Structure formats: structure tokens, C-alpha cells
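Below: the structure, in C-alpha cells.
The values are calculated or read from the model by the stated rules, or taken from the named source; none is laboratory data. Quick caveat, the model's predicted, so the values are computed rather than measured. Cβ coordinates were reconstructed from backbone atoms using ideal geometry, including for glycine residues, and neighbour counts include every protein chain displayed.
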């Protein structure tokens, strides 16, 4: 059976072990900062705003320039688009720290933390907000680069289907690529190495074969 022949419930069932592995989510808790990774998904800054307004963070750091899905789509860097969304959601401008040069997750973490330190109030704890399927990598990057900072994942909420941000074949390929990135970046030393369960490996192999047909 090819990927195109699957119904949405069947696709969700096949993706479930991969999604559960990637989309790490923790209970929000009071933290020094809410750290937001730029992307095309405006549910991300809205989630960050909700966390802030609920009292879970003192400041919000938004970081990101352009990526493959925002270059030519956004008229300004992701961090500035997210900042506008935060302001629209009621977050005071004085509580937003903006970093608009990072072009990948490693730079997001490094440049964002540098911007936060420049305010004179570095964070010892942070809630991380990004697209759900990159949350494991965001956590692993932070824990490798800033092991002394306590971090928890707080992506936008919702079921798997509500997070699909591109056509099904492209979405499946993106999740498969995310698992591969975890392995590669762990070997490079950019992130804390992540053990990949055998159930996830089997699912990835099956999905790869279906995308290829």
C-alpha cells in the first residue's frame, strides 16, 4: 500500500510511535523565561503568549531569521513576526526579547540565550515553545549547549492531525527526517544523544518505503 492510499486515521496510527517520540510535552511551570523557536506556525507564539499570561514566565525570548518555509513568505524575520503576534495577544513589549539572526535550532539556542544575557537577567529555567514535532530536538539542543538551565517542552496543544502543516507525503517525510536529524546531530555533538526506540525505527522504515512508492 502506498502513502496516498491511506485514510487519515490509518496514517495517524502509523505515525503514532514517531509522533509520540518526537512531540515531547511537559506540564507548564513557573520559569524565568519562555523561549520561542521561530517557524511559520503562528500557533507557536500564541501558545507562548498564553503561557506568559497564565503566569508561567517572566519574559519571552523569540528567536529566528528565515527558514525554508518562511523565506519569501514572511516579509520580515520569524522573530519579528512572532513578536507582532505576541503583542496582539496582549504580551507587553517590555517583556519580549527578540533575536532575529538565527537560521537553525542550534543558533536559536545560542543566539537567543546571548540576547537574554545581554538584558542582564540570564535564565536558569525556561519553557521551550516550538512546533510539536521538533520539541525533542529543541530540548536535546538546550541540554547539550546549556546543561545548567532547566528546560521543559510546552508546544501548542492538539491532536496529531491539527499539527499537520503541509501535504501528507511532505509531512511524513519531515517527521522521518526529524528522527534522522536526532541521530546525526547527536553524533556531531550538537545535542544530547537520544536513544531511539525500536518501535520508532520500525515505523520510520515502513514510512520511508511508503513515501518512496
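Numerical summary
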| item | result |
| --- | --- |
| Residue that is surrounded by 20 or more Cβ atoms within 10 Å (Cβ to Cβ), farther than 16 Å from residue 87 by Cα and assigned by TED's automatic domain parsing to the domain that holds residue 113, where the choices are 72, 64 | 64 |
| Residue 79 crowded, with 23+ Cβ neighbours inside 10 Å and under 11 Å from residue 128 (Cα atoms) | no |
| Every residue from the range 83-102 that is surrounded by fewer than 17 Cβ atoms within 10 Å (Cβ to Cβ), at negative phi and either touching a strand residue (DSSP E or B) at 6+ places or on another chain (Cβ under 6 Å) or touching a residue at least 12 places away in the same chain (Cβ under 8 Å) (or both) | 89, 95, 101 |
| So residue 140, is it surrounded by 20 or more Cβ atoms within 10 Å (Cβ to Cβ) and touching a strand residue (DSSP E or B) at 6+ places or on another chain (Cβ under 6 Å) | no |
